[in-house]
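The values are calculated or read from the model by the stated rules, or taken from the named source; none is laboratory data. Model, not experiment: these values are computed from the prediction. Cβ placement follows ideal geometry from the backbone for every residue including glycine, while neighbour counts extend to all protein chains displayed. Each accessible area value is taken on the protein alone, full model and side chains, heavy atoms only, with ligands, DNA and RNA left out. Shrake-Rupley method; radii C 1.70, N 1.55, O 1.52, S 1.80 Å.
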Amino acid sequence: KDTQDVFVQKTNNRVAEDKFYREVLEGLTKQQKSLPSKYFYDAEGDRLFQKIMECPEYYLTDCELEIFIDRTADLAATIGFNHEPFDIIELGAGDGTKTIYLLEYLANRQMDFRYLPVDISVNILTELELLVHARLPNVNIQVLAGEYLDMIAEARILSDRRKVILFLGGNIGNLTPREAIDFYREISQQLQPGDIMVTGFDLMKNPLIVRAAYDDAGGITKEFNLNLLQRINKELGADFDINLFEHYCSYNPENGACKSYLVSLVQQEVSFEDTTVGFEEGETIWMEISQKYSPDRIVALAASSGFEVVTNLKDKKGWFTDSVWRVVEQ
Ligand code: AVI
């Protein structure tokens, strides 16, 4: 069995590597070069993202934590289901820092629920499981390692309980608005009318505040972006010289698109596997979108993907909202 497990693991790694290679190649050979931001999160990327969350300029985490601490009762009231048993499925659960307040509140009121955190990283899930066992021993937790939509399907197989999906942290901003509609449509199709979706949206605000969050004075966001080039060097044998790229962030206050780029400082060639990619001086690689939303746009997004807005829970500054939606009858 062990040999078979090792074989399966190796095959899975190979498939993942091939996909990484294909997506990097595809991105770097487009007219506007780009790289998929989902690949930021190797071990070093996770560490740098933790550091970003501690930057004074990066307000998103503190705003949402405030909502989970101050508005727990309001949040719980929207997902109570009149004491019917339910499952809380958290997509991209991470370290559970915010969710734990909600879980504690529900557990103290003897609500009948299970917590099903979903993440691609088994390591993160193992740590989260230990934390929940230690802090909230009565909470029934079952971790699900894999892709979001597959794991929602898995949760449906496990039980036909009412479902609450949590997607926190402003992660939805890392999809383009078009991708976000498709994402929510796929989710609503997997749910029953009345099931709940809670999303953390970063709201449109003073453009200077947004831009500073993605271009911190300490240069951590720059390192975070450059780390993807390092990862490509390590895992795909490329020869990016990270000293020859600079970080640039733009924010368009008209449509809420905050975009990060790496700028080639010189004309250069980079090779990996059997490919060579040329860069002009000043040419950019689009690395990430962190889309900011207006309240109207949130309503429109819900309506175009099978949901209706139940309520918006904002932080005191009004910079971030946890938007609670309900699946509507089709
Ligand atoms: C994970 N995600 C919500 C972060 C964001 O705000 O878009 C990733 C990030 N990129 C740069 N700083 C933070």
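Regarding C249, is this residue touching a residue at least 60 places away in the same chain (Cβ under 8 Å) and either within 26 Å of D46 (Cα to Cα) or touching a Gly at 6+ places or on another chain (Cβ under 9 Å) (or both)? Lay out the reasoning, then the answer.
Details: touching a residue at least 60 places away in the same chain (Cβ under 8 Å): no; either within 26 Å of D46 (Cα to Cα) or touching a Gly at 6+ places or on another chain (Cβ under 9 Å) (or both): yes.
Spelling it out, it is not the case that C249 is touching a residue at least 60 places away in the same chain (Cβ under 8 Å) and either within 26 Å of D46 (Cα to Cα) or touching a Gly at 6+ places or on another chain (Cβ under 9 Å) (or both).
Pairs linking a residue in the stretch 214-238 that is within 18 Å of Y21 (Cα to Cα) and outside any loop (DSSP other than H, G, I, E, B) to a residue that is more than 16 Å from the ligand (Cβ to nearest atom) and open to solvent by 10 Å² or more (accessible area, probe 1.4 Å), with Cβ atoms under 6 Å and 6 or more positions apart or on different chains, are L226/I242; L229/F240; L229/I242; I232/A238; N233/F240; L236/Y21. Can you tell me which residue in the stretch 193-212 is farthest from I289 (Cα to Cα), limited to those that are more than 14 Å from the ligand (Cβ to nearest atom) and open to solvent by less than 10 Å² (accessible area, probe 1.4 Å)? So, considering only residues that are more than 14 Å from the ligand (Cβ to nearest atom) and open to solvent by less than 10 Å² (accessible area, probe 1.4 Å), the one farthest from I289 (Cα to Cα) is D195. Selection of first residues in the stretch 33-60 that are more than 21 Å from D322 (Cα to Cα) and within 10 Å of the ligand (Cβ to nearest atom) and of second residues that are part of a helix (DSSP H, G or I) and among the acidic types (D, E), restricted to Cβ pairs under 7 Å at least 6 apart or on distinct chains, gives the following pairs, ordered by first then second residue: L48/E223.
For the subset of the stretch 186-212 comprising residues that are part of a helix (DSSP H, G or I) and hydrophobic (A, V, I, L, M, F, W, C), which member is nearest to the chain's Cα centre (by Cα)? Quick ask: steps written out before the conclusion?
To start, the set of residues in the stretch 186-212 that are part of a helix (DSSP H, G or I) comprises 186-190, 207-212.
Now drop any that are not hydrophobic (A, V, I, L, M, F, W, C), which leaves 187, 208-210, 212.
Working: I187: 15, L208: 23, I209: 21, V210: 18, A212: 20 Å.
Here the answer is I187.
Of the residues making up the stretch 213-241, those that are more than 11 Å from the ligand (Cβ to nearest atom), surrounded by 19 or more Cβ atoms within 10 Å (Cβ to Cβ) and either more than 23 Å from the chain's Cα centre (by Cα) or under 30 Å from L75 (Cβ atoms) (or both) are A238, F240. Scan the stretch 272-287 and tell me whether some residue there is under 19 Å from the mean Cα position of the chain (by Cα) and open to solvent by less than 50 Å² (accessible area, probe 1.4 Å). Among the residues of the stretch 272-287, at least one is under 19 Å from the mean Cα position of the chain (by Cα) and open to solvent by less than 50 Å² (accessible area, probe 1.4 Å), which makes the answer yes.
Here's the yes/no breakdown for (1) at pLDDT 95 or above; (2) open to solvent by 70 Å² or more (accessible area, probe 1.4 Å); (3) touching a Phe, Trp or Tyr at 6+ places or on another chain (Cβ under 9 Å):
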site: N12; (1), (2), (3): no, yes, no
site: A16; (1), (2), (3): no, no, no
site: K33; (1), (2), (3): yes, no, yes
site: M53; (1), (2), (3): yes, no, no
site: A73; (1), (2), (3): yes, no, yes
site: L91; (1), (2), (3): yes, no, yes
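Restricting to the stretch 75-89, what's the tally of residues that are open to solvent by 40 Å² or more (accessible area, probe 1.4 Å) and touching a residue at least 12 places away in the same chain (Cβ under 8 Å)? Explain how you work it out, then say what you get.
As a first pass, look at the stretch 75-89 and keep what is open to solvent by 40 Å² or more (accessible area, probe 1.4 Å): 77, 82-85.
If we keep only those that are touching a residue at least 12 places away in the same chain (Cβ under 8 Å) as well, we get 83-85.
Final tally of qualifying residues: 3.
Within the stretch 135-166, count every residue that is closer than 26 Å to F183 by Cα and assigned to a helix (DSSP H, G or I).
Here is the first cut: in the stretch 135-166, the residues closer than 26 Å to F183 by Cα are 141-166.
Of the ones still in play, those that are also assigned to a helix (DSSP H, G or I) are 148-158.
Looking only at that region, the number is 11.
Within the stretch 132-157, the set of residues being open to solvent by 60 Å² or more (accessible area, probe 1.4 Å), in contact (Cβ under 8 Å) with a residue 24 or more places away in the chain and not aromatic (F, W, Y) comprises R135, N138, N140, Q142, E147, R156. For E329, the conditions (1) acidic (D, E); (2) assigned to a strand (DSSP E or B); (3) open to solvent by 40 Å² or more (accessible area, probe 1.4 Å) are fulfilled apart from (2). Every residue in the stretch 288-318 that is assigned to a helix (DSSP H, G or I) and open to solvent by 30 Å² or more (accessible area, probe 1.4 Å), please. Across the stretch 288-318, the qualifying residues are P295, D296, R297, V299, A300, A303. Counting only residues that are open to solvent by 10 Å² or more (accessible area, probe 1.4 Å), under 18 Å from the mean Cα position of the chain (by Cα) and not basic (K, R), the stretch 94-126 holds 9 of them.
Across the stretch 167-190, the number of residues qualifying as open to solvent by less than 50 Å² (accessible area, probe 1.4 Å), at pLDDT 95 or above and away from the ligand (no atom under 11 Å from the Cβ) comes to 8. What do you reckon, is F183 part of a helix (DSSP H, G or I), at negative phi and of a type in the set (F, W, Y)? Yes.
In the stretch 247-261, the count of residues that are more than 20 Å from the chain's Cα centre (by Cα), surrounded by 14 or more Cβ atoms within 10 Å (Cβ to Cβ) and aliphatic (A, V, I, L, M) is zero.
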